[in-house]
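Before any comments, here is the structure.
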Amino acid sequence: MYSIKLHKRVVKFIESRNKKDKLRIREKLLQLQKNPYPSNILADIKNMKNSKNGFRLRVGNYRFLYDVIEDELIIYRKI
């Protein structure tokens with residue numbers, strides 16, 4: 001299982017969402033923690049074109065960019 005580090009802007013963004021969206025995002029992050037790669041059938045994940053370890057997670061209308069570094073998952077911004 002991977003550890004997730006959220007950038008403070010991402011935390012602030014998630015906290016500002018309504019209860020339903022927060023729950024959806026939390027659910028997807030827990031799935032991402034188990035398997036952060038595009039092979040994860042439960043999550044909408046795509047490779048970033050210009051990055052070796054960079055990925056994009058889609059949760060509804062929200063997109064989260066993250067990198068996988070060894071056993072650590074770093075979510076650094078939302079788009």
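The values are calculated or read from the model by the stated rules, or taken from the named source; none is laboratory data. For clarity, every value in this text was computed on a predicted model and none was experimentally measured. Note that we place each Cβ from the backbone using ideal geometry, even for glycine, and neighbour counts take in every protein chain shown.
List of remarks:
- The residue list ILE45, ILE14, ILE41, ILE25 contains one member that is of a type in the set (A, V, I, L, M, F, W, C) and in a loop (DSSP other than H, G, I, E, B), which is ILE41.
- Qualifying positions in region 49-79 - within 28 Å of ASN18 (Cβ to Cβ), loosely packed, with under 15 Cβ neighbours inside 10 Å and either touching a residue at least 40 places away in the same chain (Cβ under 8 Å) or of a type in the set (A, V, I, L, M, F, W, C) (or both): TYR76, ARG77, ILE79
- Filtered residue count, region 51-79, keeping only those that are modelled with pLDDT under 90 and basic (Lys, Arg): 3
- Selection count, region 9-37, where residues are under 19 Å from ARG77 (Cβ atoms) and either crowded, with 16+ Cβ neighbours inside 10 Å or not hydrophobic (A, V, I, L, M, F, W, C) (or both): 18
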